[in-house]
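Everything below concerns the one structure shown next.
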Amino acid sequence: AKDSGKNKFSVFDQEMNRQQLRRMSLEKDLRKALACSEFTVVYQPKWDSFLNVAVGLEALLRWKHPEHGLVSPTEFIPIAEETGLIVPITYWMLKDVCSQNRLWHTEGVAAVPVSINMSARMFENGGLYDAVEEALTFSELEAHFLELEITESIAMNNMEETVAQLSRLRLLGVRVSLDDFGTGFSSLGNLDEIPVNTLKIDQVFIRKSRMHSKKAIISNIIAIAGNLNLEVVAEGVETPEQIELLQSLGCRVMQGYYYGRPMPAGELGEWFIANAA
Ligand code: C2E
Ligand code: CA
Ligand code: CA
Ligand code: CA
């Protein structure tokens, strides 16, 4: 018994070690990834289920590691945040996404806002406004075709500073949405003070929307949004049952695998044609 205990401990030790090594090697490679053009952007549609048209796209980052292949954002984004690398990566993304969106306008593919996820770090170093302005000028994209997705915790943690920066960006015409809404607790009391256009209902509520309690939460988020004159997007919509429920609650815009998975820019043109009303 003593032996097997010892053994288990060393297996645990090895596992810890393996994870630490992977994390260290990913961190090292992440430092080169931008310069080596290993990042790409995929786009997922936001769909108006009443009008049956795409009304927006969310840009999501993909890292193609030369040896490991695709690394999930849930693994590399936290590393990028801790190291601060998320800042130059997001600046690159701003330019790439705005240029791509402008190209879609020129080609007549689509003219909808594209959103980019913002880490807390983006509001800490003071360069976001200039980076956004530069990306818009560089791409000749109108500001209302760019949206920033922030989480409740970002808005809450450093409320005054974040609100100040968001207000300037809103004056520029940029749109703002509150991502993963409903998963942070603190915000309801100040929700009216955060300059946002849209609430995105977190996918956990949609996934469990058969539960009476989750349905009640969804319904309340939709009501709050209506009262504050905000738009709503339901995330993670996968089934016709979920669509029916959301529609019955008055939610029209949805995002999820049912309507479209995140796709490379090159596939979006065909997708828009195939899904035209
Ligand atoms: P998020 O911002 O909440 O993005 C939505 C995630 O849900 C995406 O995962 C998307 O692919 C996935 N998803 C969409 N529809 C469905 C569905 O119907 N079912 C399920 N099960 N999942 C769905 P992804 O691309 O793996 O990104 C995960 C998270 O990584 C994002 O969550 C976001 O927090 C972060 N992330 C991704 N790209 C970026 C980025 O460019 N910058 C920053 N700061 N974070 C990013
Ligand atoms: Ca998001
Ligand atoms: Ca989300
Ligand atoms: Ca999330």
> When Met263, Met16 are ordered from fewest to most other Cβ atoms inside 10 Å of their Cβ, what list results?
Replying inline: Met16, Met263
> If each of Lys95 and Gln19 carries a label point 7 Å out from its Cα toward its Cβ, how far apart are those two points in nm?
Replying inline: 3.7 nm
>> For a test of the definition: using alpha carbon positions, the gyration tensor, and the 1.5 limit on a/c, classify segment 85-212 as rounded, prolate or oblate.
In response: oblate
> When a footprinting reagent is the concern and you count Cβ atoms within 10 Å, what order do His212, His144, His105 take, fewest first?
Replying inline: His212, His144, His105
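Determine the shape class of segment 151-277: with a ≥ b ≥ c the square roots of the Cα gyration tensor eigenvalues, call it rounded for a/c under 1.5, and otherwise prolate if a/b is greater than b/c, oblate otherwise.
oblate
Would you work out the charge dipole size for segment 140-235 about its Cα centre, treating the Cβ of every Lys and Arg as +1 and the Cβ of every Asp and Glu as -1, and quote it to the nearest 20 debye?
Here the size comes out at about 580 debye.
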> Hey, what number do you get for the chain at 222 nm if only DSSP H runs of n ≥ 4 count, each worth -39500 (n - 2.57), divided across all residues, to the nearest 500?
Replying inline: -16000 deg cm²/dmol
> Among Ile79, Leu103, Leu51, whose Cα sits farthest toward the positive end of the charge dipole of segment 2-124 (+1 at Cβ of Lys/Arg, -1 at Cβ of Asp/Glu, about the Cα centre)?
Replying inline: Ile79
>> At a threshold of 8 angstrom on Cα-Cα distance, excluding pairs fewer than six apart, so keeping six or more, what relative contact order does the chain reach in percent?
In response: 19 percent
>> Using the Cα atoms of segment 127-181, I'd like the radius of gyration and the largest Cα-Cα distance, Dmax, both in angstrom.
In response: 11.5, 33
> What FRET efficiency, computed as 1/(1 + (r/R0)^6) with R0 = 35 Å and r the Cβ-Cβ distance, is obtained for Ala120 and Glu142, rounded to the nearest 0.05?
Replying inline: 0.80
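Could you tell me the calculated FRET efficiency between Ser37 and Asn190, based on Cβ-Cβ distance and R0 = 45 angstrom, to the nearest 0.05?
0.65
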> According to the Cα gyration tensor, what semi-axes, each the square root of 5 times an eigenvalue, does the equivalent ellipsoid of the chain have, listed from largest to smallest in whole Å?
Replying inline: 32, 25, 21
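All of the numbers you see were taken from the coordinates with simple rules; none came from a lab. All values derive from a computational prediction rather than experimental measurement. Methodologically, a virtual Cβ is constructed for each residue, glycine included, from the backbone with ideal geometry; neighbour enumeration extends over all protein chains shown.
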